[in-house]
Amino acid sequence: MNQAYIVAAVRTATGKREGRLKGWHPADLGGEVLNALVDRSGIDPSVIDDVIVGCVTQAGEQTYAFARNVIFASKLPESVPGVTIDRQCGSSQQAVQFAAQAVMSGTQDVVIAAGVESMTRVPMFSNFSLHSKAGIGAGPFSQRIQERFGVKEFSQFAGAQMIAEKYGFDRDALDRFALKSHQLAAAATQAGAFDAEILPLSITNAAGVSELHKRDEGIRFDATLEGIGSLRTLTEGGVVTAANASQIADGAAGVLVVSERALKQYGLTPIARIVNLTVTAGDPVIMLEEPIPATRRALARAGMGIADIDLYEVNEAFAPVPLAWLQALEADPDKLNVNGGAIALGHPLGASGARLMTTMIHALRARGKRYGLQTMCEGGAVANVTILEAL
């Protein structure tokens, strides 16, 4: 089988809802990432075979052949094709896996995998809430589906609470994990750990002055356990709150995936090699537990154990998810989300898969480590796992 390599990985700093990136059209956010990937790799943009863009809420400014609009907003020639995919929170991680599969199959040599989400300009759930506003259909969950699973709908919020109960996590454990996410992200920011991966963007601040946005906006540098603990739970008697869950955010990220032939032909320098691609699915009611069996399958297929992995990126959609993953895999908490996660950095849905991968690659290289494993819980009880080797 052909090998797939990553030669560039970049992301924007995330913006809070109605925050510093609210003035950026999502197509333009994505276009800037494509430009940066071309610039950083030095590749001729005309040789790019495809652009795969993950985006969850495909409505409004994030619709109508959105990946092509991202291309049109970049300096890539119009001859480069593009496609938009939705695997919920794992959309751009799946974009990477599709890109890698194309390269490994030998059908393509140079593919960009990216993700974009402006949760300010295209609010979460606005795509499938149209049925109630416009009177179109009955929503995504048919009566047959409801009867099969005994629920009116599949809720990630209910799933997070179910995981907390199943694995025995109380409110204090979740809040302490959230605090650590902010502390790690703050320390990484202050140490310049994100500088190499972040693409600065020009914005106009609240005072009307132009400046560069180059720091993740959601990090609470002064976070305290008391402050996090002051928020109300999402449900009466529950343990999940807005503070121990991921932040709504705006952002974009991407990686450039190429074949060994392209490395030689275009004089590119690899920064990572893709070792394993796995995707699995399970119970849609508890929904968010699937990264656990997916990781077990990925490790088995790669002939590796969890001790062989130097760093893990497990998306912090809700604090119970990475905590349950750590417990079930008997993994080392000191290797998990070492620069913080989505609780602090934000979770711009379709962009998060590529954001986590970008952060993981740069963290591995900065620490002189070899193997990284990334996984995410996703709507529909799907989970992607990607294992990389830093070069």
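Readers should treat all values here as calculations from the given coordinates under stated rules, not as data from a laboratory. Model, not experiment: these values are computed from the prediction. As a convention, Cβ positions derive from the backbone with ideal geometry for all residues, glycine included, and neighbour counts pool all protein chains shown.
Packing-based ranking of 305-314, 258-267, 228-237, 46-55 yields 46-55, 305-314, 258-267, 228-237, ordered from highest to lowest mean Cβ neighbour count within 10 Å. When the Cα gyration tensor is reduced to axis lengths a ≥ b ≥ c, the ratio a/c is 1.5 or higher for segment 6-83, and with a/b not above b/c it is classed as oblate.
Take the residue pairs Lys214/Lys369; Lys152/Lys180; Lys264/Lys335; Lys264/Lys369; Lys22/Lys152 and return only those whose Cα atoms are more than 32 Å apart. Lys152/Lys180; Lys264/Lys335; Lys22/Lys152, as the Cα separations exceed 32 Å there. Please report the base-10 log of the normalised intensity I(q)/I(0) for the chain, using a Debye sum with one equal scatterer per alpha carbon and no solvent, at each q in 0.14 (1/Å). Log10 I(q)/I(0), no solvent term: -1.23. Only helices enter this figure: runs of n ≥ 4 DSSP H residues, each worth -39500 (n - 2.57), summed and divided by the residues of the chain, yield -10500 deg cm²/dmol at 222 nm to the nearest 500.
Ranked highest first by average number of other Cβ atoms within 10 Å, how do 198-210, 25-37 line up?
Values: 198-210: 12.8, 25-37: 24.5.
Put in order of decreasing packing, that is 25-37, 198-210.
Arranged from fewest to most other beta-carbon atoms within 10 Å of their beta carbon, Phe318, Phe154 become Phe154, Phe318. Note that segment 257-391, at 25 °C in a medium of 0.890 mPa s, gets a Stokes-Einstein diffusion coefficient of 162 µm²/s from its Kirkwood radius over C-alpha pairs.
Report the relative contact order of the chain, percent, no decimals, based on alpha-carbon pairs under 8 angstrom and at least 6 residues apart. Show your work: numbers first, answer last.
Working: 939 pairs, mean separation 109.4, N = 391.
The value is 28 percent.
Based on the mean of other Cβ atoms within 10 Å per residue, sort peptides 319-331, 362-374, 88-100 so the most packed one is first.
Details: 319-331: 22.1, 362-374: 19.2, 88-100: 28.8.
Those peptides, ordered most packed to least, come out 88-100, 319-331, 362-374.
Could you quote the convex hull projected area for segment 46-205, Cα atoms only and averaged over all directions, in nm²? Please report the intermediate quantities before stating the final value.
Values: hull surface 59.6 nm².
Here the figure is 14.9 nm², rounded to one decimal.
Evaluated on segment 141-197, the Kirkwood hydrodynamic radius is 14.6 Å, with distances taken between all distinct Cα atoms.
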